[in-house]
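Below is one structure; the comments refer to it alone.
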Amino acid sequence: MAVPRSALKKWEKVREFALGMPGAVEEFPWGETVAKVNKKVFVFLGVTDGSYPTGVTVKLKDEAAHAHALTCPGAEPAGYGLGKAGWVSIPLEQKGAPASELLCDWVEESYRTIAPKRLIAELDAR
């Protein structure tokens, strides 16, 4: 099944943004794309081969951002118990999916939750 072009464009923007964070690296555990900082995942980017719906999963500690993310069409607490720790899965293929700018804001919040203070300071100095 082909991934809709609009979802793929959002995914690519989010991936590029995530990998632009200080110390960010891309890895492929479980056949998924993830962005890590200090060996810890700060955004799950899933797959883009059409085998699963395209989406992103971020950790949102800010209550307002977390609640907002859950109002997105198809969004839900992440599986495997991660939802209890503030992780939210947001599909990109659904009508009304968030804009890439908002997704990038959430990726930055997730990064700030996971990254060490020295890298957050580097980000703030930009």
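The values are calculated or read from the model by the stated rules, or taken from the named source; none is laboratory data. What you see is a predicted model, and the numbers here were worked out from it, not measured in a lab. Reconstructed Cβ throughout: ideal geometry from the backbone, glycine too, with neighbour counts over all protein chains shown. When the accessible area is computed, the model is the full protein with side chains, heavy atoms only, and any ligands, DNA or RNA have been set aside. Shrake-Rupley method; radii C 1.70, N 1.55, O 1.52, S 1.80 Å.
Across the chain, the relative contact order, built from alpha-carbon pairs under 8 Å that are at least six residues apart, equals 27 percent. Over the chain, DSSP H runs of length four or greater, each weighted -39,500 (n - 2.57), average out per residue to a 222 nm ellipticity of -11000 deg cm²/dmol. Would you please classify the overall shape of region 1-102 from the alpha carbon gyration tensor, given that a ≥ b ≥ c denote the square roots of the eigenvalues, rounded means a/c under 1.5, and beyond that prolate means a/b larger than b/c while oblate covers the rest? The shape class here is rounded. A straight chain from ASN38 to LYS95 at 0.36 nm per residue would run longer than the Cα-Cα distance by 17.1 nm. Have a look at ILE114, ALA97, ALA7 and report the one farthest towards the positive end of the charge dipole of the chain, computed about the Cα centre with Cβ charges (Lys/Arg +1, Asp/Glu -1). Of the listed residues, the answer is ILE114. Taken about its Cα centre, region 33-126 carries a charge dipole of about 460 debye when Lys and Arg each add +1 at the Cβ and Asp and Glu each add -1 at the Cβ. Counting protein heavy atoms only, the chain has 53 percent of its accessible area on carbon and sulfur, 1.4 angstrom probe.
For GLY46, the amide hydrogen comes within under 5 Å of the amide hydrogens of THR33, counting only partners 5 or more places away or on other chains and with H modelled in the peptide plane. In this structure, the amide hydrogen of GLU76, modeled 1.01 Å from its nitrogen in the peptide plane, lies closer than 5 angstrom to those of SER89, counting only residues at least 5 positions away or on a different chain. For region 93-104, the Karplus equation 6.51 cos²θ - 1.76 cosθ + 1.60, evaluated at θ = phi - 60°, returns couplings of 8, 7, 4, x, 4, x, 5, 4, 4, 5, 4, 5 Hz by residue, with Gly and Pro reported as x. In sequence order, region 40-56 has phi-based couplings of 10, 5, 10, 7, 8, 9, x, 10, 10, 8, x, 6, 9, x, 6, x, 10 Hz under the Karplus curve 6.51 cos²θ - 1.76 cosθ + 1.60, θ = phi - 60°, and Gly or Pro positions carry x. Site pair LEU82 and ARG126 shows an inter-label distance of 2.2 nm when each label is modelled 7 Å from Cα along Cα→Cβ. Computed packing ranks the peptides 55-61, 117-123 as 55-61, 117-123, most packed first, by mean other Cβ atoms within 10 Å.
Amide H to amide H, with H built 1.01 Å from N, TYR52 comes under 5 Å of no residue 5 or more places away or on another chain.
Axis of helix 5-19 versus longest Cα principal axis of the chain: the two differ by about 10°, to the nearest ten degrees.
Per residue, region 4-124 exposes 54 Å² of accessible surface when a 1.4 Å probe is rolled over the protein heavy atoms with every protein chain present. Taking the centroid of alpha carbons for each part, region 72-86 and region 38-59 are 12 Å apart.
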